[in-house]
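Laboratory data are not the source of any read-out in this text; all were calculated from the coordinates shown. Source: prediction; values computed, not measured. All Cβ positions, even for glycine, are placed from backbone atoms using ideal geometry, and neighbour counts span all protein chains on display.
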Amino acid sequence: MSAEIGREIQRAEQLLRHGELVAIPTETVYGLAANALDAKAVLKIFEVKNRPHFDPLIIHIGEAEMLNRYVTAVPRWAEDLSNEFWPGPLTLVLPKRDIIPDIATSGLDTVGVRMPDHPITRELLKKLDLPLAAPSANPFGYISPTSAQHVFDQLGEAIPYILDGGECRVGLESTIVGEVNGEPTVLRLGGVPVEAIERVLGHVNVDTSSSSDPRNPGSLDQHYSPRLPLKFIDDAGEYEKERVGVIAFSTLREGLPIEHQAILSRDGSLEEAAVNLFAGLRKLDKLDLDMILAERFPNEGLGRAINDRLERASHKFSPQVVEVPSQTNENE
Ligand code: TXA
Ligand code: MG
């Protein structure tokens, strides 16, 4: 099989209704979608991504009103955030209804839900009138895709169709908010900056550090990683100038080959840098180099999420993290 890249919403709709996987565009990154209510179809997502079964999926809905079909309660904070940021790069973790199969949530009694902001995928969701389970459309642990071609490069042999919606407008995965000890808490930094969440809710806790917590693999220490080792420039020590790639915010470094440098925003815009981050990493990762060096970004707005992704990309794979657990129950 080799995936077709196209813009036919109807084709995507038919495949999804028949339990097949389709890559879909969102404003954050491309997703690998299946009908969330079909456990068998959802299982295929885990197989194609080589994703451990303990890593729960996000459910995508076309209308905010659909939320009540899939969760049992919407607390005030969740209502306020969805009113402000949906459609958009925000996922809410809420208590799930039984209609969502356990495999989609890795057996948790909560489910992550978001309403994506992409015209093609919103039309698809409206036609389907079904929720779509969709993780980022990359092999587990690798850099998320921000174009149809990125999806094709890695999953092209494994899925029938890639719905092409152009380049992703945000470029970072959604911000995830759930309850910890009864308080709304940011579980993953992403496309909605913490400052924006706090304008709605007041101070919120940020808890993305629980790396050993299987409930939140997006927060595993090692994730979002290129093939090449990645280090922050400040910690790099000795290196051979011809043999490194550089991820930089806005300025080129003299003395290093230009084609080995990815400048994420010449204007110094964090939004633009976010859009270009994953494509920049992929570009450098294709070159014959020893490692990628990254600048640290300003720790504010989307800069926090950019630093978070670079931080995780800089961690080495630890085997117990990437191994698929052997005793998962495939019939769940
Ligand atoms: O922007 C996005 O969120 C993209 C696009 C495709 O929508 N999706 C995405 O999915 O990033 P994925 O699978 O790469 O990340 C899902 C992460 C999980 O690894 C976990 O950290 C968190 O969402 N998550 C999902 N359900 C959860 C739950 N019930 N409780 C806690 N965390 C959950
Ligand atoms: Mg992912």
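Net charge near Gln149, counting Lys/Arg +1 and Asp/Glu -1 over other residues with Cβ under 11 Å of its Cβ?
Around Gln149, the surrounding residues sum to -2.
What list of ³J(HN,Hα) values in whole Hz, one per residue of the range 236-243 in order, does the Karplus curve 6.51 cos²θ - 1.76 cosθ + 1.60 (θ = phi - 60°) give from phi, with Gly and Pro shown as x?
Residue by residue, the range 236-243 yields 6, x, 7, 8, 8, 4, 6, 10 Hz.
Taking the highest mean first, how do the peptides 308-314, 184-190 order by number of other beta carbon atoms within 10 angstrom per residue?
Result, highest mean Cβ count within 10 Å first: 184-190, 308-314.
Cα-Cα pairs above 27 Å in the chain: how many percent?
Of all Cα-Cα distances in the chain, 42 percent exceed 27 Å.
What trypsin sites (Lys or Arg not before Pro) does the range 1-35 have in DSSP loop regions with at most 14 other beta carbons within 10 Å?
Of the trypsin sites (Lys or Arg not before Pro), the ones in loops of the range 1-35 whose Cβ has at most 14 other Cβ atoms within 10 Å are Arg7.
Mind pulling up the Rg/Rh value for the range 105-179? Radius of gyration and Kirkwood radius, both on Cα.
Result for the range 105-179 is an Rg/Rh of 0.96.
Let me spell out the model: positive unit charges on the Cβ of Lys and Arg, negative unit charges on the Cβ of Asp and Glu, origin at the Cα centre of the range 95-203. What dipole size does that give, in debye rounded to 20?
Around 220 debye, computed over the range 95-203.
Kindly flag which residue pairs out of Lys126/Lys283; Lys44/Lys127; Lys44/Lys231; Lys127/Lys283 have an alpha-carbon separation exceeding 24 Å in this structure.
Among Lys126/Lys283; Lys44/Lys127; Lys44/Lys231; Lys127/Lys283, the Cα-Cα distance tops 24 Å for Lys126/Lys283; Lys44/Lys231; Lys127/Lys283.
Give me, ordered by chain and number, the residues 5 or more places off Ser174 or on other chains with an amide H under 5 Å from its own placed amide H.
The list, which skips near neighbours in sequence, is Gly191.
Once R0 is set to 22 Å, what does the formula 1/(1 + (r/R0)^6) return for the Cβ-Cβ distance between Lys126 and Met1, expressed as a FRET efficiency to the nearest 0.05?
FRET efficiency, Lys126 to Met1: 0.20.
As a test of understanding, state the convex hull volume per residue of the range 59-184 from its alpha carbons, in Å³.
123 Å³
Taking N as the number of residues in the range 127-267, what is its alpha-carbon radius of gyration divided by 2.2 N^0.38 Å?
1.29
For Ala294, enumerate residues with amide H under 5 Å from its amide H, sequence gap 5+ or separate chain, H modeled in the peptide plane.
Result for Ala294 returns Lys231, Phe232, Ile233, Ile247.
What's the FRET efficiency of Glu47 with Ala73 using the Cβ-Cβ distance as r and R₀ = 45 Å, to the nearest 0.05?
After rounding to 0.05, the efficiency reads 0.90.
Which is farthest toward the positive dipole end of the range 170-213 among Ser209, Thr185, Gly171, measuring Cα position about the Cα centre, with Cβ charges +1 (Lys, Arg) and -1 (Asp, Glu)?
Of the options given, the answer is Gly171.
Under a Cβ-Cβ cut-off of 15 Å, what is the net charge of the residues other than Gly301 that fall near it, where Lys and Arg count +1 and Asp and Glu count -1?
-3
Efficiency by 1/(1 + (r/R0)^6): what FRET value for Phe54 and Ile99, r their Cβ-Cβ distance, R0 = 30 Å, to the nearest 0.05?
0.90
So who's got an amide H within less than 5 Å of the one on Glu4, skipping anything under 5 residues away but keeping other chains? H placed 1.01 Å off N, in plane.
For Glu4, whose amide H was placed from the backbone, the distant partners under 5 Å are Tyr161, Ile162.
Determine the sum of side-chain charges near Trp86: Lys and Arg each +1, Asp and Glu each -1, restricted to other residues whose C-beta is under 9 angstrom from that of Trp86.
-1
Rounded to the nearest whole Å³, what is the per residue volume of the convex hull around the Cα atoms of the range 10-82?
Cα convex hull per residue, to the nearest whole number: 126 Å³.
In debye to the nearest 20, how big a dipole does the range 35-74 give about its Cα centre with +1 on each Lys and Arg Cβ and -1 on each Asp and Glu Cβ?
Computed charge dipole of the range 35-74: roughly 180 debye.
So what's the convex hull volume per residue for the Cα atoms of the range 68-113, in Å³?
Output value, Cα hull per residue: 70 Å³.
What list of ³J(HN,Hα) couplings, whole Hz, do you get for the range 49-65 from phi and the Karplus terms 6.51, -1.76, 1.60, once you set θ to phi - 60° and write x for glycine and proline?
Taking θ as phi minus 60°, the curve returns 7, 6, 9, x, 5, 8, 9, x, 9, 9, 9, 10, 10, x, 9, 4, 5 Hz for the range 49-65.
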